[in-house]
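**Student:** Below is the structure I would like to discuss, written out as structure tokens.
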């Protein structure tokens, strides 16, 4: 006769923590008799271990391993990927706020060390090779800006799990954190349409920036669907350099298709739009209303721009949090996350309010969206 035996599955710290209603760290402290835990919580954890019917020594060994891991210093590489015309990304308020968010999260954990390196946008270089080798030995990687497909593909091929901020790749499975830029573009256009504008323009600061393309596509699709193709006009600056942006604005405002209202991808473009209008003897918002993105508080001038507020510090915090999760789980089946944060419409005095604001907008006939920029 064959005697049947039941093999018990080894208990996990997660099971104990969930059953006791506490964190894994609390279970670790109780079983290792380290750290301060109140008596009631300690008894609840120990009772839970007994109720599960497993030998607590195996749990203690696992808890001890986690405690040892907590004492290790982990290295995270922050890879800056600027556009060719950007001399120092962190001089820009948007990216500086991101960095502050990352630092604020890691500062809560004494075992995290962060290095910052800058990828040469020109492509192959000895310095880029050195940086890439550093990335391969890092415990975590955060990528900010506009990485080339090459560097991201090489990281993924090397089984690294970078977290991209304000960028994304639809063709590969990868962690990313970004603002909901497409919806932001929709909201910006809708705000103008509801205020009665029939000719909406869009100025993008660069064709190379993922978030700019998403904002343009959102605004374009909303305008085409609501008003039709003749109601939308756009220009894309050759680079994000102020002189190139200004040249694109001058061309737009002197063309026969001059818009009644303009959406810009970033605050400096909105400021330059006001300057170009002044040079042409025009005024914002009387001659052209303006909506922009991000946080224009530090932009000079007396106009308070209506804008879609983004939260770059929160983007940094979420990216750091995701890296931290990856370091301390390291599960092969762990799937990449795509985290998208909403934007908020903040009214200013740069949009001329219309009497038709509350009237229902009649949707235009369906149109081809072949012009969407990918």
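Throughout, read-outs are computed from the coordinates displayed, never taken from laboratory work. What you see is a predicted model, and the numbers here were worked out from it, not measured in a lab. For neighbour counting, all protein chains shown are included, and Cβ atoms are generated from backbone atoms with ideal geometry for every residue, glycine included.
**Student:** May I ask for log10 I(q)/I(0) of region 187-259 at q = 0.13, 0.21 Å⁻¹, from a Debye sum over the Cα atoms as equal point scatterers with solvent left out?
**Tutor:** Here the Debye-derived log intensity ratios amount to -0.37, -0.91.
**Student:** Note the full-extension length gain between residue 134 and residue 254 as 0.36 nm times their separation in residues minus their Cα-Cα distance, in nm to one decimal. Walk me through the intermediate numbers first.
**Tutor:** Working: separation 120, 0.36 × 120 = 43.20 nm, distance 4.98 nm.
Length gained between residue 134 and residue 254: 38.2 nm.
**Student:** Sticking with this structure for a sec: Using Cα pairs under 8 angstrom and six or more residues apart, how large is the relative contact order of region 204-266, in percent? List each step's numbers first, then the result.
**Tutor:** On the way: 55 pairs, mean separation 24.6, N = 63.
Dividing the mean separation by the residue count of region 204-266 yields 39 percent.
**Student:** Got a sec? How would 284, 149, 117, 81 order by Cβ neighbour count within 10 Å, fewest to most?
**Tutor:** 149, 117, 81, 284
**Student:** So for region 181-309, what percent of the C-alpha to C-alpha distances run longer than 25 Å?
**Tutor:** On the way: 993 of 8256 pairs.
Of the Cα pairs, 12 percent sit more than 25 Å apart.
**Student:** Quick check on region 91-181: take the gyration tensor over C-alpha atoms, sort the square-rooted eigenvalues as a ≥ b ≥ c, and tell me if it's rounded (a/c under 1.5), prolate or oblate. List each step's numbers first, then the result.
**Tutor:** Details: a/c = 1.40, a/b = 1.21, b/c = 1.16.
Since a/c stays below 1.5, the shape of region 91-181 is classed as rounded.
**Student:** Starting from the Cα of residue 91, step 7 Å along the direction of its Cβ; do the same at residue 338; then give the gap between the two resulting points in nm.
**Tutor:** 3.5
**Student:** If you stretched the chain out fully between residue 208 and residue 282, how much longer would it get, using 0.36 nm times the residue separation minus the C-alpha to C-alpha distance?
**Tutor:** Numbers: separation 74, 0.36 × 74 = 26.64 nm, distance 3.04 nm.
Between residue 208 and residue 282, full extension yields an extra 23.6 nm.
**Student:** Another one. Which order results if 39, 97, 344 are arranged by neighbouring Cβ count within 10 Å, fewest first?
**Tutor:** If I rank by nearby Cβ atoms, fewest first, I get 39, 344, 97.
**Student:** Taking other Cβ within 10 Å of each residue's Cβ, how do 77, 230 sort, fewest first?
**Tutor:** On the way: 77 23, 230 11.
Ranking 77, 230 by Cβ neighbours within 10 Å, fewest first, gives 230, 77.
**Student:** Give me the percent relative contact order of region 181-309, please, defined on Cα pairs under 8 angstrom at least 6 residues apart.
**Tutor:** Numbers: 238 pairs, mean separation 32.1, N = 129.
It comes to 25 percent, rounded to a whole number.
**Student:** Based on the Cβ-Cβ distance of residue 349 and residue 126, what FRET efficiency does E = 1/(1 + (r/R0)^6) give at R0 = 45 Å, to the nearest 0.05? Mind showing how you got there, number by number?
**Tutor:** Details: r = 51 Å, r/R0 = 1.14.
Plugging the Cβ-Cβ distance into 1/(1 + (r/R0)^6) gives 0.30.
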